[in-house]
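Read through the structure below, which is laid out as structure tokens, and then see the notes.
Values quoted throughout were computed directly from the atomic coordinates according to the rules given, and no laboratory measurement underlies them. What you see is a predicted model; the values in this text were computed from it and never measured. Here the Cβ positions follow ideal geometry from the backbone for every residue, glycine too, while neighbour counts run over all protein chains shown.
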Amino acid sequence: MVNTKHVDYMNLDSLFSTEELQVRDLARSFVEERILPVIEDCYEQGVYPSELIRPMGELGFYGCNLPEEYGCAGMNNIAYGLITQELERGDSGIRSFASVQSSLVMYPIFAFGSEEQKRKWLPALATGEKIGCFGLTEPDFGSNPSDMVTRAEHTKFGWKLNGAKMWITNGTVADVAVVWAKTGEDTRSIRGFLVEKGTKGYSAPEIKKKHSLRASITSELIFEDCEIPEENILPGVEGLRGPLSCLNQARYGIAWGAIGSAMATYTAALEYSLSRIQFGKPIASFQLQQKKLAEMITEISKAQLLAFHLGKLKDAGKVTPAQISMAKRNNVAMALNVAREARTILGANGISAEYPVMRHMNNLESVLTYEGTHDIHTLIIGAEVTGIQAFK
Ligand code: TGC
Ligand code: FAD
């Protein structure tokens with residue numbers, strides 16, 4: 001009988017350790033029991049299922065590859081990847097929440113924070129008691145963060161922040177925002193600041209009317225003479241390398257997450273094709289539909305192998321940013337193509353919220369753009385292979 005459930009054509013399971021499979025199955029059960037029953041309604045209403053924030057923390061999903069001494073699970077990067085895969089099989093918005101919390105908030109505090117900052121924030125972020133967001137993109141500077149205009153001016157009390165960030169996941173609900181700002185004129189002056197909810201001069205209005213990632217909060221961050229105490233600067237990094245190092249972590253998670261989304265839409269299409277009868281036969285029996293399914297599962301399998309090898313390189317400390325770019329770029333585009341093909345197999349039902357396909361497809365339009373657009377990752381690979389930067 002066809003394995004519609006687990007989407008493991010190349011027997012990837014044989015490559016995972018027992019512990020990695022246990023973590024994957026834990027995340028898989030959580031998604032099936034807690035996320036899938038509520039996600040379509042959340043998506044339709046444009047709300048994040050906030051009741052799931054703490055349970056995900058209790059399962060160790062946030063900052064899972066950071067050390068236990070800060071309240072994290074200390075898992076390897078394969079386990080981290082498998083968690084994001086399963087979360088995004090539920091919805092890209094759920095994976096986004098976990099990616100931002102883990103890779104864009106906990107990681108910079110862990111990698112660049114003072115011991116005091118680590119003790120204050122990491123355990124509370126790991127349980128989900130506190131929520132974080134990451135502010136790099138600005139209204140006028142997305143792909144090119146080096147031209148950011150948000151400024152931090154040194155005062156006798158600490159720092160005064162002025163500027164705005166745009167399209168920030170979790171901004172409105174975040175207890176702490178990791179905000180990147182220039183302290184001088186050039187990119188080497190970029191520093192990271194921990195801006196706490198309730199700080200005078202700081203607001204984070206939600207961006208509404210989205211057609212994508214509707215089960216995810218997206219916000220603007222506004223800083224008007226916002227006073228930040230000296231102890232809230234991240235002491236361990238200066239320059240664009242700081243935020244870009246965080247993006248390496250998050251893009252890695254997305255390379256796995258996109259596979260989860262593709263698994264969901266492929267499974268929906270395969271099951272539908274076996275049960276939908278036209279011209280007296282299941283549509284799965286027509287060669288044109290089989291070609292689509294064959295290509296979908298082939299591309300998913302290639303993406304799985306790419307992500308797995310990337311994880312092994314990351315665990316060995318040998319992965320490069322350009323390798324991560326290749327996996328993010330390939331796997332997200334793959335998932336979007338799979339979603340579009342799945343949509344055609346479902347015919348009119350493909351646009352219905354009775355099936356997960358169009359929700360995933362719409363979400364992936366954001367995933368293709370955030371964490372570096374598909375084009376930017378093309379240019380990062382281009383620069384790697386030619387030695388010539390074509391950004392400017
Ligand atoms: P460039 O001159 O190449 O580099 C400046 C400095 O940064 C270093 N660097 C990196 N370091 C670590 N990791 C990387 N991936 C790095 N890439 C570059 C570089 O070595 C240099 O260091 P130093 O010490 O020599 O100064 O920088 P550039 O200005 O030419 O820009 C390069 C470019 C275009 C690739 C970069 O700006 C880029 O990646 N742009 C895309 C922006 C982006 O991805 N934004 C994402 C925002 S966050 C988000 O979308 C969250 S979505 C959350 C969710 O999941 O919901
Ligand atoms: P632009 O940079 O204006 O790009 C527009 C188009 O021009 C794209 O097709 C791009 O590929 C192309 N382009 C740009 N430069 C070049 C070039 N040199 N060569 C060729 N083509 C080029 N950001 C955060 O900081 N934190 C977050 O939490 C966050 N969450 C997000 C959540 C959502 C739902 C979305 C949609 C975005 C989020 N972002 C976040 C912002 C995201 O990272 C940016 O949208 C992304 O980096 C692209 O920037 P932009 O939208 O300004 O597009």
*Based only on Cα atoms, what Rg/Rh ratio does the chain have, Rh being taken as Kirkwood's radius?*
0.98
*Globularity index of segment 159-288, i.e. its alpha-carbon radius of gyration over 2.2 N^0.38 Å*: 1.60
*To the nearest whole percent, what portion of all C-alpha pairs in segment 4-131 is separated by more than 19 angstrom?*
48
*Could you work out the relative contact order of the chain, using alpha carbon pairs under 8 angstrom and six or more residues apart, expressed as a whole percent?*
17
_Quick check: convex hull of the Cα atoms in segment 133-232, volume per residue, rounded to a whole Å³?_
89
_Contour excess over end-to-end distance, with Cα ends at Phe286 and Lys208 and 0.36 nm allotted per residue_ = 23.8 nm
*Using the charge dipole of segment 133-232 (Lys, Arg: +1 at Cβ; Asp, Glu: -1 at Cβ; taken about the Cα centre), state which of Leu194, Cys226, His211 has its Cα farthest towards the positive end.*
His211
*asked:* With +1 assigned to the C-beta of every Lys and Arg and -1 to the C-beta of every Asp and Glu, and no other charges, what is the dipole magnitude of segment 133-232 about the Cα centre in debye, to the nearest 20?
replied: 360
*Restricting to lysine pairs 8 or more places apart or on different chains, what number in segment 203-324 have Cα atoms under 23 Å apart?*
7
_Dipole in debye (nearest 20) - the chain, about Cα centre, beta carbon charges: Lys, Arg +1; Asp, Glu -1_ = 820
_Charges on Cβ only, +1 for Lys and Arg, -1 for Asp and Glu, centred on the Cα centroid of segment 1-135; of Leu52, Thr127, Ser14, which one is farthest towards the dipole's positive end?_
Thr127
_Label-point gap, in nm, between Ser189 and Ala353 - each point 7 angstrom along Cα→Cβ_ = 4.9
*So if R0 is 35 Å, what FRET efficiency would Gln278 and Tyr9 give, r being the distance between their Cβ atoms, rounded to the nearest 0.05?*
0.85
_Per residue, how big is the convex hull of segment 304-349 when only Cα atoms are used? Give it in Å³._
61
_Overall form of segment 22-64 per C-alpha gyration tensor (a/c, 1.5; a/b vs b/c)_ = oblate
*To one decimal place, what Kirkwood hydrodynamic radius in Å is obtained for segment 241-386 from all pairs of distinct Cα atoms?*
16.1
_Computed magnitude of the charge dipole of segment 241-386 (debye, nearest 20; Cβ of K, R +1, Cβ of D, E -1)_ = 160
*Round to the nearest 10 and give me the degree value, 0 to 90, for the angle of helix 241-275's Cα axis relative to the longest principal axis of the chain.*
20
_Mean ellipticity per residue at 222 nm, deg cm²/dmol - from DSSP H runs of n ≥ 4 across the chain, formula -39500 (n - 2.57)_ = -15500 deg cm²/dmol
*Answer with one residue from Gln389, Ser99, Ala73: the one whose Cα lies farthest towards the positive end of the charge dipole of the chain, charges on Cβ with Lys, Arg +1 and Asp, Glu -1.*
Gln389
*asked:* Please list, in order, the residues from segment 53-67 whose amide nitrogen is less than 18 Å from a point placed 7 Å along the Cα→Cβ vector of Arg119.
replied: 67
*Using the beta-carbon distance between Glu33 and Ala390 and R0 = 35 Å, what value does 1/(1 + (r/R0)^6) give for FRET efficiency, to the nearest 0.05?*
0.15
